[in-house]
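The values are calculated or read from the model by the stated rules, or taken from the named source; none is laboratory data. Being a predicted model, the structure only gives us computed values, none of them experimental. Backbone-built Cβ (ideal geometry, glycine too); neighbour counts: all protein chains shown.
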Ligand code: FAD
Ligand code: S2G
Ligand code: ZN
C-alpha cells in the first residue's frame with residue numbers, strides 16, 4: 001500500500017491526489033500494526049508544536065483531500081474533506097451568499113480538519129460560537145484503521161453520546177479527521193468596522209459591556225490591542241498606519257458589526273461611538289467608511305503574530321481569563337521582566353481570550369524562568385485556562401494540570417487508551433508523558 005504513495009521522504013506520507021478515507025485507513029492500519037507513531041497534519045499553522053514530529057513519527061498530511069462534497073443552499077450545511085484550506089471554503093461560500101463561522105489570520109494556510117482538531121476560536125467566535133456549536137458531523141479514522149462515520153448534517157440528533165465532540169479539539173490524538181459537516185451562516189449585507197482608542201483597560205472592559213448592550217445582535221467581533229502591540233505593528237508591518245495616532249491612547253479596540261440594514265447598522269455604530277466619547281469610555285474613534293479602511297484596520301490586528309515573529313524571539317501565552325482580570329497579568333509580567341523583554345497584549349476580548357506575547361531580541365532562559373511557571377500559576381489561581389484556543393500540542397502537554405483536575409486528565413488518558421491503545425496518534429502531544437504511554 002505504502003509504495004503507491006508519493007513518498008517524498010520517510011517519514012512523510014503525503015496522501016496521493018484523489019485520496020480517500022480508505023487510504024488513510026490503510027496507512028493507520030499499517031502504522032498501528034508496527035507501532036509506528038503518526039502525526040496528522042493540516043496547514044501546519046498550529047502554535048503549540050502539535051503538527052510536527054518529535055522523533056521519527058510518520059506525517060500524514062491531509063492537504064490532497066481537499067474537495068467540497070456537498071453544500072445545501074437552504075440550510076447552509078457544508079460537507080467537505082478535511083484538507084480544504086479555510087480560505088478556499090470562504091471563497092466557495094462567498095459565491096453562494098454564505099460565510100464560514102470562523103475566521104483566523106492563518107486562513108490562507110490552515111485546513112478545516114486542523115481547525116476542527118484544534119477547536120480553533122478566531123475572530124468570529126463572539127458571534128457564531130465555537131466549532132463545537134457549528135460542526136454537525138465528522139468522519140474520522142481511528143488508530144486501528146476503523147472509519148467512524150459521524151458525518152451527520154442534522155441540527156438536532158439526540159440518539160446516544162455525541163461522539164464527534166471527542167475529536168473536536170483532540171489535536172490528532174484520537175483519530176484523523178477526514179471529512180467535516182459544518183453549519184455556515186448566511187452572508188449579511190451590512191458589515192461595519194470601528195476602531196476606538198481608550199486611555200485604560202477598565203474603559204475597554206466597560207466598552208465591551210456597552211457594546212453588548214447597545215449593539216446587541218449585530219456585534220460580530222470585539223478585539224483589543226495595547227499600545228505596545230500597536231508599536232510592533234507600526235514598526236514591523238508593511239503599509240500599516242495608526243488611524244488614531246495621538247500619543248495618549250493606551251489601548252485600541254476593533255469592533256465589527258454584521259447585520260442586514262446598512263443604513264441603520266451604520267447609524268447604530270456611529271451613535272455608539274458618540275455615546276462612548278461623551279461617556280468618556282473612549283478618547284477617540286473612527287468608523288471605517290469603506291472596505292479599504294475596514295481591511296486596513298483588520299490588518300493591524302491580524303498582522304500582530306507576524307509582527308511579533310519579525311521582532312525577534314517570542315514567548316506566546318494564549319490565556320482564557322475573567323475579562324476584568326485580563327490586564328492584571330500583563331502588568332504583573334511587565335513588573336517582573338522590566339526592560340529584559342517587551343510584554344505585548346492583544347486578543348479576543350469578547351471571548352475573555354488574551355494573547356500575551358513576550359518579545360525579546362533572542363531566546364533567553366533567564367527571561368523564560370521569570371515567565372514560567374509564574375504565568376501558569378497565576379492563570380490557574382485566577383481560574384483561567386492556560387490554552388484558550390491554540391490547544392496543548394507538545395509545548396503545553398505537561399501544563400494541563402494548571403487547568404484540568406487529575407481526575408479529568410486520568411479520564412482523558414482512559415479515552416486515549418481505548419481509542420489508541422498503541423499510542424501511535426500524535427505521541428508526546430496533548431497529554432502528559434506520564435499518562436500517554438500504555
Ligand atoms: P496543523 O497546524 O497542521 O495541526 C494542528 C493540530 O491538529 C495538530 O495537533 C495536528 O496533529 C492536528 N490535525 C491537523 N489536521 C488534522 C486532521 N485532519 N485530523 C486530525 N488531526 C489533525 N488559532 C486560533 O484558534 N485562533 C486564531 O485566531 C488563530 N490565529 C492564528 C493566526 C496566525 C497568523 C497563525 C499562524 C496561527 C493562528 N492560529 C489561531 C493557530 C492555528 O492557525 C490554528 O490552530 C489552526 O486551527 C491550525 O490548523 P492547521 O490546519 O494549520 O493545523
Ligand atoms: C490571534 C494568533 C497567535 C498569536 O491572532 O488571534 O490566535 O498568539 C492569535 O499571535
Ligand atoms: Zn487568537
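Every listed requirement among (1) touching a residue at least 60 places away in the same chain (Cβ under 8 Å); (2) in the same structural domain as residue 323 (by TED's automatic domain parsing); (3) surrounded by fewer than 16 Cβ atoms within 10 Å (Cβ to Cβ) is met by residue 385 save one, (3).
Of the residues making up region 66-89, those that are at negative phi, in a loop (DSSP other than H, G, I, E, B) and surrounded by fewer than 20 Cβ atoms within 10 Å (Cβ to Cβ) are 66, 67, 73, 74, 75.
Conditions (1) modelled with pLDDT under 95; (2) out of contact with any strand residue (DSSP E or B) (no Cβ under 9 Å at 6 or more places or on another chain); (3) not assigned by TED's automatic domain parsing to the domain that holds residue 203, marked per residue:
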| site | (1), (2), (3) |
| --- | --- |
| 340 | yes, no, yes |
| 353 | no, no, yes |
| 371 | no, no, yes |
| 374 | no, yes, yes |
| 379 | no, no, yes |
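On the stretch given as region 125-174, residues that are surrounded by fewer than 22 Cβ atoms within 10 Å (Cβ to Cβ), over 17 Å from the mean Cα position of the chain (by Cα) and not in a loop (DSSP other than H, G, I, E, B) total 6.
The residue that is farthest from the chain's Cα centre (by Cα), among those in region 336-352 that are closer than 11 Å to residue 326 by Cβ and more than 8 Å from ligand 2 (Cβ to nearest atom), is 345.
When the helices (runs of 4 or more DSSP H) confined to region 338-438 are screened for residues that are closer than 30 Å to residue 311 by Cα and touching a helix residue (DSSP H, G or I) at 6+ places or on another chain (Cβ under 9 Å), those reaching at least 2 such residues are found at 365-371, 374-381. Taking region 231-269 as the range and being under 23 Å from residue 291 (Cα atoms) and part of a loop (DSSP other than H, G, I, E, B) as the test, the residues that pass are 237, 238, 239, 240, 241, 242, 243, 244, 245, 260, 261. Number of residues in region 270-317 that are outside any helix (DSSP H, G or I), in contact (Cβ under 8 Å) with a residue 60 or more places away in the chain and within 16 Å of ligand 1 (Cβ to nearest atom) equals 3. Exactly one residue out of 210, 223 is buried (at least 21 other Cβ atoms within 10 Å of the Cβ) and modelled with pLDDT of 95 or more, and it is 223. Among (1) more than 13 Å from ligand 1 (Cβ to nearest atom); (2) over 30 Å from residue 215 (Cβ atoms), there is one condition residue 352 misses while meeting the rest; what is its number? With (1) more than 13 Å from ligand 1 (Cβ to nearest atom); (2) over 30 Å from residue 215 (Cβ atoms) applied to residue 352, the lone miss is (2).
One residue alone among 50, 63, 122 is part of a loop (DSSP other than H, G, I, E, B) and more than 15 Å from ligand 2 (Cβ to nearest atom), and that residue is 63. If you go through region 305-332 and pick out every residue that is more than 15 Å from ligand 3 (Cβ to nearest atom), under 23 Å from residue 397 (Cα atoms) and buried (at least 18 other Cβ atoms within 10 Å of the Cβ), you end up with 2.
One residue stands out in region 105-118 among those that are touching a residue at least 40 places away in the same chain (Cβ under 8 Å) and surrounded by fewer than 20 Cβ atoms within 10 Å (Cβ to Cβ): the one that is farthest from residue 71 (Cα to Cα), namely 105.
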